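Below is one structure; the comments refer to it alone.
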Amino acid sequence: MAQDPPLPQPAPADLLHTKLMPPRLRAERVARTGLLDRLDGGLAYKLTLVSAPAGYGKTTLMSEWLAYRGEQEKLPAVAWLSLDQGDNDPARFWRYLTTACQRLDDSVGNTALNLLHTARRPAFEPVITALINDLARLSCQSVLILDDYHVIDAPQIDETVAFLLEHLPVPLHLLILSRTEPALPLARLR
């Protein structure tokens with residue numbers, strides 16, 4: 001039986017905590033073991049993109065995958081971020097993403113968050129570099145899930161996520177759920 005993970009530190013009061021939590025697994029669902037196996041296989045790469053129209057069950061699939069991996073006692077550390085239209089502000093996006101990553105390890109992201117809080121208009125490369133350096137020290141395989149990435153239409157966010165992907169440390173896997181193909185260097189990653 002898998003042991004419960006330690007409770008993560010709470011999100012700052014001005015961030016919505018529920019955006020950082022995976023949704024509950026619905027009781028009524030179709031078993032999709034083939035897709036679950038493909039998600040497992042994707043962990044060998046930097047990025048897994050799950051792209052499908054609205055209502056196709058992307059988020060439900062992720063909830064099922066997390067439950068399935070938990071039952072198999074193969075659950076990596078997971079950080080979850082549900083995106084919405086307000087996350088097109090780059091500072092807000094990176095505050096949420098960094099706070100989500102703190103669920104992987106409490107020591108992750110403190111420097112990045114300080115840089116985001118102290119600068120009126122932060123330069124994002126130092127913020128992301130600090131975050132990447134912290135993530136590189138993770139001791140176990142970890143997954144960062146960005147749900148509803150299709151709401152992101154700010155080119156600066158796509159550019160900074162591409163920077164993160166380009167320098168993604170080995171212990172971390174990025175999993176993006178989207179209704180459309182994001183403006184990221186997917187051809188190079190394929």
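The values are calculated or read from the model by the stated rules, or taken from the named source; none is laboratory data. Just so we're clear, the structure is a prediction, and the values are computed from it rather than from any experiment. Every residue, glycine among them, receives a Cβ derived from its backbone with ideal geometry; neighbour counts consider all protein chains shown. Calculation scope for accessible area: heavy atoms of the full protein, side chains included, ligands and nucleic acids excluded. Shrake-Rupley method; radii C 1.70, N 1.55, O 1.52, S 1.80 Å.
So the values come out like this:
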{"item": "Residue list for segment 43-91, filter: crowded, with 16+ Cβ neighbours inside 10 Å, of a type in the set (A, V, I, L, M) and in a loop (DSSP other than H, G, I, E, B)", "result": "LEU75, LEU83"}
{"item": "Pair list, Cβ < 8 Å and 6+ apart or interchain, from segment 170-190 residues that are touching a residue at least 24 places away in the same chain (Cβ under 8 Å) to residues that are aromatic (Phe, Trp, Tyr)", "result": "HIS173/TYR45; ILE176/TYR149; LEU177/TYR149; SER178/TYR149; PRO182/TYR149; LEU189/TYR45"}
{"item": "Failed criterion for SER107 (all others in (1) open to solvent by 60 Å² or more (accessible area, probe 1.4 Å); (2) under 18 Å from PRO23 (Cβ atoms); (3) in contact (Cβ under 8 Å) with a residue 12 or more places away in the chain; (4) hydroxyl-bearing (Ser, Thr, Tyr) hold)", "result": "(2)"}
{"item": "Selection count where residues are open to solvent by less than 10 Å² (accessible area, probe 1.4 Å) and either in a loop (DSSP other than H, G, I, E, B) or of a type outside the set (A, V, I, L, M, F, W, C) (or both), scope segment 126-146", "result": "1"}
{"item": "Scope segment 29-42; condition part of a helix (DSSP H, G or I) and open to solvent by 30 Å² or more (accessible area, probe 1.4 Å); matching residues", "result": "THR33, GLY34, LEU35, ASP37, ARG38, ASP40, GLY41"}
{"item": "Evaluation of ARG26 against (1) at pLDDT below 90; (2) buried (at least 16 other Cβ atoms within 10 Å of the Cβ); (3) of a type in the set (D, E, K, R) (one fails), failing number", "result": "(2)"}
{"item": "Matching residues, segment 161-183, being over 14 Å from the mean Cα position of the chain (by Cα) and either over 14 Å from LEU47 (Cα atoms) or open to solvent by 20 Å² or more (accessible area, probe 1.4 Å) (or both)", "result": "PHE163, GLU166, HIS167, VAL170, ARG179, THR180, GLU181, ALA183"}
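Quick grid of which residues meet (1) among the hydroxyl-bearing types (Ser, Thr, Tyr); (2) over 21 Å from SER139 (Cβ atoms):
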| site | (1), (2) |
| --- | --- |
| ARG92 | no, yes |
| CYS101 | no, no |
| SER107 | yes, no |
| HIS117 | no, yes |
